[in-house]
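First up is the structure itself, then whatever we jot down about it.
The values are calculated or read from the model by the stated rules, or taken from the named source; none is laboratory data. Since we're looking at a predicted model, the values are computed, not measured. Heads up, the Cβs are rebuilt from the backbone with ideal geometry, glycines too, and the neighbour counts pull from every protein chain shown. When the accessible area is computed, the model is the full protein with side chains, heavy atoms only, and any ligands, DNA or RNA have been set aside. Shrake-Rupley method; radii C 1.70, N 1.55, O 1.52, S 1.80 Å.
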Amino acid sequence: MSGVNEIRSTFLQYFAKNGHEPVASSPLVPRNDPTLMFTNAGMVQFKNVFTGLEKRDYTRATTAQKVVRAGGKHNDLDNVGFTARHHTFFEMLGNFSFGDYFKEEAISLAWNLVTKEFALDKSRLLVTVYSEDEEAARLWKSIAGFSDDKIIRIPTSDNFWTMGETGPCGPCSEIFYDQGESVWGGPPGSAEEDGDRFLEFWNLVFMQFEQVSPGERVALPRPSIDTGMGLERIAAILQGVTSNYEIDLFRRLIAAVEEAIGSRAEGDALASHRVIADHLRATAFLIADGVLPSNEGRGYVLRRIMRRAMRHAKLLGAREPVLFKLLPTLVSEMGRAYPELVRAEALISETLKLEEKRFLTTLDRGLILLNEASQDLAHGDSLDGEVAFKLYDTYGFPLDLTQDALRARGVGVDLSSFQSAMERQKAEARASWVGSGEAAAETVWFAIREREGATEFLGYDTEAAEAEV
Ligand code: ATP
Ligand code: MG
Ligand code: MG
Ligand code: MG
């Protein structure tokens, strides 16, 4: 059975053997791209190569890319702990052709890797293609020998990739693995597609058009390839487990959580262990790439992730900072592949400890308020937004932490009263500063919040403004 480190190497070596330049992962904070909160796919570092703005001395590349999907177009934060296949931080393995090979070779390379190197059982594999992409369907038939029922035609944007409103775009084809009847879910395109039985593990994007303007699409003279395979998902398949959280790496991280807290990863406590292991990785890698917890933008997303992990640790019985104790396990698992983790270990550890200390007292008091305010609520009810706002404003509970805390009981948060409480607070803050005439109202607001300390900015505005990539 191969561990994640071995699987990563197998992938990179396979593509290197096939003429691809191994390129290091780019940082989680995209360089020169203020429109994007975090690197959310392997192609991000090659954007300008695909559009032709930038030239490299190779036309084929392969990477294991660090990715965070906790904001913007791809936000899997709320899936973590609830699906078997989503993380906030994960590794995306990819191969890229910059005007070199196209559809036929991309499919052949993928099929060969999956069925020969990884030796997956062909009868469990199936693919999707964009409904208008007859060429891809025909190639899958001839290369993989698939019958029609193994090639699912999807007419939605799920199978048509775009970089933005304009720019390169094209159909994509995804490879799925059937994990068997014991796992709930249906094939892609069916009503039960959100289940985990049919596990999507590889997306092949065929960049063959350019969207010149909203109404005009032309064929690219030299089409390109961009693929992304989730390392944790292929590891689950190869290790014969039905959840990413049961692969070697996560088993060791979860064992570290059990040891640090004195808890057991079973029954109702399982999800909390998974969330903590997941969020620890996101936290450590974000800090290693220069993000620190703060009240806005990227730093606020990090703070939200850290605080969610802390609430789950609390739920498991932790009474003092524990997350920093998990770090050595993570570094020993992933430090060889990502030396920045080793370099930043002390900083990550200190940041975790400090943030945990700061939050633990207000977390306690906030949870008491939350429990009192929600004890009579039943499945389908909503918590008063005023309470959620007080938790946010006084106790430092990001809104999504409150939502996460109530979700297991099927209770939501009334967002409109939350928003009005927020607006009212802002208006009051502005009013109390009328006449100072020096700073813009917003700056003043920030100053007040800084002074008062416990307040968090939502950070959602920043995300909404983020361009879709
Ligand atoms: P899903 O439909 O499962 O949310 P996706 O279609 O959003 O996945 P892509 O954008 O196609 O994912 O990304 C390429 C690959 O990256 C996926 O096929 C999958 O293997 C992996 N992947 C995507 N999101 C996650 C995640 N949150 N955690 C772990 N792996 C992921
Ligand atoms: Mg997704
Ligand atoms: Mg998908
Ligand atoms: Mg996909």
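Number of residues in segment 163-181 that are more than 17 Å from LEU125 (Cα to Cα) and within 16 Å of ligand 2 (Cβ to nearest atom): the value is 0.
With respect to the conditions (1) open to solvent by 60 Å² or more (accessible area, probe 1.4 Å); (2) more than 27 Å from the chain's Cα centre (by Cα); (3) of a type outside the set (Asp, Glu); (4) more than 21 Å from LEU302 (Cα to Cα), SER417 lacks only one, and its number is (1). The single condition from (1) in contact with a Pro (Cβ under 7 Å, 6 or more places away or on another chain); (2) open to solvent by less than 40 Å² (accessible area, probe 1.4 Å); (3) farther than 25 Å from GLY71 by Cα that GLU356 fails is (3). Identification of helices (runs of 4 or more DSSP H) wholly contained in segment 296-344 with 3 or more residues that are within 23 Å of GLN403 (Cα to Cα) and open to solvent by 10 Å² or more (accessible area, probe 1.4 Å) yields 297-315. Taken together, the residues in segment 141-168 that are surrounded by 20 or more Cβ atoms within 10 Å (Cβ to Cβ), more than 13 Å from ligand 1 (Cβ to nearest atom) and part of a strand (DSSP E or B) amount to 2.
In segment 240-264, the residues that are free of Cβ contacts under 8 Å to residues at least 12 places away in the same chain form Cβ pairs under 7 Å with partners that are surrounded by 17 or more Cβ atoms within 10 Å (Cβ to Cβ) and assigned to a loop (DSSP other than H, G, I, E, B), at six or more places apart or across chains, as follows: VAL241/ILE247. For segment 190-232, give me the residue count where each residue is within 13 Å of ligand 4 (Cβ to nearest atom) and modelled with pLDDT of 95 or more. Here the count works out to 13.
Quick check: is even one residue across segment 179-191 open to solvent by 50 Å² or more (accessible area, probe 1.4 Å), within 19 Å of the chain's Cα centre (by Cα) and within 16 Å of ligand 3 (Cβ to nearest atom)? Looking for residues that are open to solvent by 50 Å² or more (accessible area, probe 1.4 Å), within 19 Å of the chain's Cα centre (by Cα) and within 16 Å of ligand 3 (Cβ to nearest atom), one finds none in segment 179-191, hence no. When segment 196-223 is filtered for residues that are open to solvent by less than 30 Å² (accessible area, probe 1.4 Å) and acidic (Asp, Glu), only ASP196 remains.
Residue-by-condition table, conditions (1) without any contact (Cβ under 8 Å) to a residue 12 or more places away in the chain; (2) closer than 28 Å to ASP100 by Cβ:
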position	(1), (2)
SER123	yes, no
ILE143	no, yes
ILE151	no, yes
PHE160	no, yes
ILE175	no, yes
ALA191	yes, no
GLY195	no, no
PHE198	no, no
PHE201	no, yes
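If the condition is being more than 16 Å from ligand 3 (Cβ to nearest atom) and either among the polar types (S, T, N, Q) or touching a strand residue (DSSP E or B) at 6+ places or on another chain (Cβ under 9 Å) (or both), then segment 237-250 contributes GLN239, THR242, SER243. Which of the following residues is of a type outside the set (D, E, K, R), away from ligand 2 (no atom under 16 Å from the Cβ) and closer than 28 Å to GLU165 by Cα: ASN40, ASN48? Exactly one of ASN40, ASN48 is of a type outside the set (D, E, K, R), away from ligand 2 (no atom under 16 Å from the Cβ) and closer than 28 Å to GLU165 by Cα, namely ASN48. Looking at GLU54, GLU6, GLU91, just one residue is farther than 25 Å from ARG222 by Cβ, among the charged types (D, E, K, R) and away from ligand 1 (no atom under 14 Å from the Cβ), and that residue is GLU6.
Note on segment 2-31: residues that are surrounded by fewer than 17 Cβ atoms within 10 Å (Cβ to Cβ) and under 26 Å from THR283 (Cβ atoms) total 7. Suppose we keep only residues that are more than 15 Å from ligand 2 (Cβ to nearest atom) and of a type in the set (S, T, N, Q) within segment 182-207. Which one would you say is farthest from ILE154 (Cα to Cα)? Checking each candidate, the answer is SER182. Residues that are in a strand (DSSP E or B), within 16 Å of ligand 3 (Cβ to nearest atom) and under 23 Å from the mean Cα position of the chain (by Cα) occur at least once in segment 209-227.
Among helices (runs of 4 or more DSSP H) entirely within segment 229-288, having at least 2 residues that are within 21 Å of LEU316 (Cβ to Cβ) singles out 248-261, 270-288. Of everything in segment 149-168 that is modelled with pLDDT of 95 or more and away from ligand 3 (no atom under 16 Å from the Cβ), the residue that is farthest from the chain's Cα centre (by Cα) is ASP149.
Figure legend. Inter-residue proximity from segment 346-361: first residues small (Gly, Ala, Ser), second residues open to solvent by less than 80 Å² (accessible area, probe 1.4 Å) and assigned to a helix (DSSP H, G or I), beta-carbon distance below 7 Å, spacing 6+ or different chains. Indicated pairs: SER349/PHE324; SER349/LEU327.
Residues in segment 1-46 that are among the aromatic types (Phe, Trp, Tyr), farther than 19 Å from ASN112 by Cα and in a helix (DSSP H, G or I): 1 in all.
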